[in-house]
Amino acid sequence: MRVERNFVNNQFQETSVSDLITVYNPENEEQIAQVTAATSADVLEAVNIANQAQKTWRKLTSIQRGEHLKKLADKLAEKADEIGQILALESGKSVEDATNETHYAADITRYHAEWARRIEGEIIPSDTPDENLLLHREPIGVVACLIPFNYPVYTLLRKIAPALITGNTVVVRPSNNTPCSAFAIAQAILEAELPAGVVNILTMDHTTAETMCTHPKVGMITLTGSVGAGRKVLEYSQVNIAKSSLELGGKTPAIVTPDADLEKAAREIVISKTSNCGQLCTAVERVYVHESIQDEFIQRLKQEMESISFGARSLKPSNMGPLVNENARLNIHQMVERAIDDGAHLLTGGYIPEGKGHFYPPTILTQCRQDMEIVQEEIFGPVLPILTYKTIDEAIELANDHQFGLASLIYTENYRDAMKVANNIEAGEFYINRIPADPYQGYHQGWKRSGLGGDDGKHGMLDYTQTRLVIAKY
């Protein structure tokens, strides 16, 4: 069994501490690795090192920082097969999906490297004669990056690439469920010859994470995680008044109109719901189908869901793989049982399979109501509640009647319906006749309890900066 060590100052740290975090393969529950858990002293040292490195890193020209990112992107692509193998083992993904995720991570790293010549300030007219107002974009300093388990390779680069191109340094906490791929990325960082201390990666428990996030030299905390985790980060940020960027829960509504391509809609909604076993922040989490087509469309959904096999993707890559751990599976199954007790009809799925692995079958619940827990709370698994509506205005009202506002979508051939929803939906993203995919040149920002700040594109990159106004009298 492999043992991974924390990565600080371009070195994998030797430690005498025996506190180890065990990593399991979710498809067979076997131990695959142990990683050293950082102590409070370890993270204090890492933040101090990152702070010192940032003083030099920020003085490089942005084009020089971009060249470093391009070298890292090349190294990630070169090592994609190796990183993919490691990610597949700890996540239950197929090797192909895990390898592709690494290539996507290389792509978003290159994308942010290209902002090197485009980080711009402003010249603002002054009300005072003989005076210029110059607005500078400056790095924040040290950024604490908290990475989720579901797409741990892509999300890690999604956060550190814009942080680095804007002149910050980072201390990264990967998920304790999927930390091994982060240390494979650390090896790529070492081989790409990024300056020491610019990227530091440590596994830790929640108490140590608090020590890291409340360090006086941490100027920003970025998290992809649950609403509960987001609230904790907001508590941490109060200590230093640190900037927070939070991508939190999602409950993507899909509206299906009578004139929609029902075959396409059913197929793609099921793909969204079962990819990575539904462990995707923008996965379709509730469907609103017009009452005139409900019987036909629900039957199409049922056929599509029942065509999805689940099991070990190492044996059959086309399978839907496992949930991250047993707690996730039990929580999802209990939500399904409570929904049935509350009046929902179980159309397919809804049971815990026998045998090893944290698998759960593709599941459909019909006759759901808007006030049900299964409609109001994020499931983060392959369970799809179905509701009906009479008018497009009612569909919009139901879709918006929610604490979350991350992504949303509609299937329709009616231009007016599409534009009406686009102008009234309460979500950071709206997709027309397609499922969410988070284009990295866009801006992935949640409304309501789905988060603060955002990722991707120009605006995601600028989130890692602060401004300085220079008032120049002449």
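The values are calculated or read from the model by the stated rules, or taken from the named source; none is laboratory data. Here the structure is a predicted model, which means the values were calculated and not measured. Using ideal geometry, Cβ is built from the backbone for each residue, glycine included, and neighbour counts are taken over all protein chains shown. Heads up: the accessible areas ignore ligands, DNA and RNA and are worked out on the full protein's heavy atoms, side chains in. Shrake-Rupley method; radii C 1.70, N 1.55, O 1.52, S 1.80 Å.
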Can you give the net charge of the other residues whose Cβ lies under 11 Å from the Cβ of residue 167, counting K and R as +1 and D and E as -1? +4
List the GluC sites (Glu not before Pro) within the stretch 1-69 that fall in a DSSP loop (any state other than H, G, I, E or B) and whose Cβ has at most 14 other Cβ atoms within 10 Å. 14, 29, 30
Suppose R0 equals 51 Å; then what is the FRET efficiency for residue 415 and residue 118 from their Cβ-Cβ distance, rounded to the nearest 0.05? 0.90
For the stretch 240-390, the convex hull over Cα atoms projects on average to an area in nm² of 11.2 nm²
Using only Cα atoms, find the angle between the long axis of helix 80-91 and the longest principal axis of the chain, and express it within 0 to 90 degrees, rounded to the nearest 10. 60 degrees
Phi-derived 3J(HN,Hα) across the stretch 299-314 with the Karplus relation (6.51, -1.76, 1.60, θ = phi - 60°), rounded Hz, x for Gly and Pro, is 5, 5, 4, 4, 4, 5, 5, 6, 7, 8, 8, 10, x, 5, 6, 5
Placing +1 on the Cβ of each Lys and Arg and -1 on the Cβ of each Asp and Glu in the chain, which of 321, 383, 297 has its Cα farthest towards the positive end of the resulting dipole? 321
Suppose the chain between residue 29 and residue 441 were pulled fully straight at 0.36 nm per residue; how much longer would it get relative to their current alpha carbon spacing? 144.6 nm
Given 31, 460, 225, which one lies farthest toward the positive end of the charge dipole of the chain, if we put +1 on the Cβ of every Lys and Arg and -1 on the Cβ of every Asp and Glu? 460
Mean residue ellipticity at 222 nm from the helices of the chain, using -39,500 (n - 2.57) per DSSP H segment of n ≥ 4 over the full residue count, to the nearest 500 deg cm²/dmol? -12000 deg cm²/dmol
The chain: C-alpha gyration tensor shape, a/c 1.5 cut-off, then a/b vs b/c: oblate
Expressed as a percent, the accessible surface of the stretch 347-405 that is carbon or sulfur, using a 1.4 Å probe and the full set of protein chains, is 47 percent
Just to confirm, what accessible area per residue do you get for the stretch 190-337 at 1.4 Å probe, in whole Å²? 37 Å²
With r as the distance between the Cβ atoms of residue 309 and residue 40 and R0 = 60 Å, compute the FRET efficiency 1/(1 + (r/R0)^6) and round to 0.05. 0.85
Restraint check, 251/302; 251/420; 79/448, Cα-Cα greater than 31 Å: 79/448
Considering all alpha-carbon pairs of the stretch 141-187, what whole percent are spaced by more than 13 angstrom? 50 percent
Simple spin-label estimate for residue 291 and residue 100 in nanometres, 7 Å along Cα-Cβ: 4.0 nm
Relative to the longest principal Cα axis of the chain, at what angle does helix 326-341 sit, 0 to 90 degrees, rounded to 10? 40 degrees
What does the C-alpha gyration tensor say about the overall shape of the stretch 94-138? Classify as rounded when a/c is under 1.5, otherwise prolate if a/b is larger than b/c, or oblate. prolate
Roll a 1.4 Å probe over the protein chains and send me the accessible area per residue for the stretch 357-399 in Å². 32 Å²
By how many nm would the segment from residue 85 to residue 376 lengthen if fully extended, with 0.36 nm per residue of separation less the alpha-carbon distance? 101.1 nm
Keeping all protein chains in the complex and leaving out DNA, RNA and ligands, what accessible area do you get for residue 122 with a 1.4 Å probe, in Å² to the nearest 10? 100 Å²
Result for the stretch 27-117: accessible area per residue, probe 1.4 angstrom, in square angstrom, of 44 Å²
Listed by chain and number, the lysines with an alpha carbon less than 22 angstrom from that of residue 217, same-chain partners under 8 positions apart left out, are 55, 59, 159, 232, 243
With a/c under 1.5 counting as rounded, go ahead and sort the stretch 9-128 into rounded, prolate or oblate using the C-alpha gyration tensor (a ≥ b ≥ c being the square roots of the eigenvalues; past the cut-off, prolate if a/b is larger than b/c, else oblate). oblate
Size of the dipole of the chain about the Cα centre, Lys and Arg at +1 and Asp and Glu at -1 on the beta carbon, nothing else charged, in debye to 20? 1260 debye
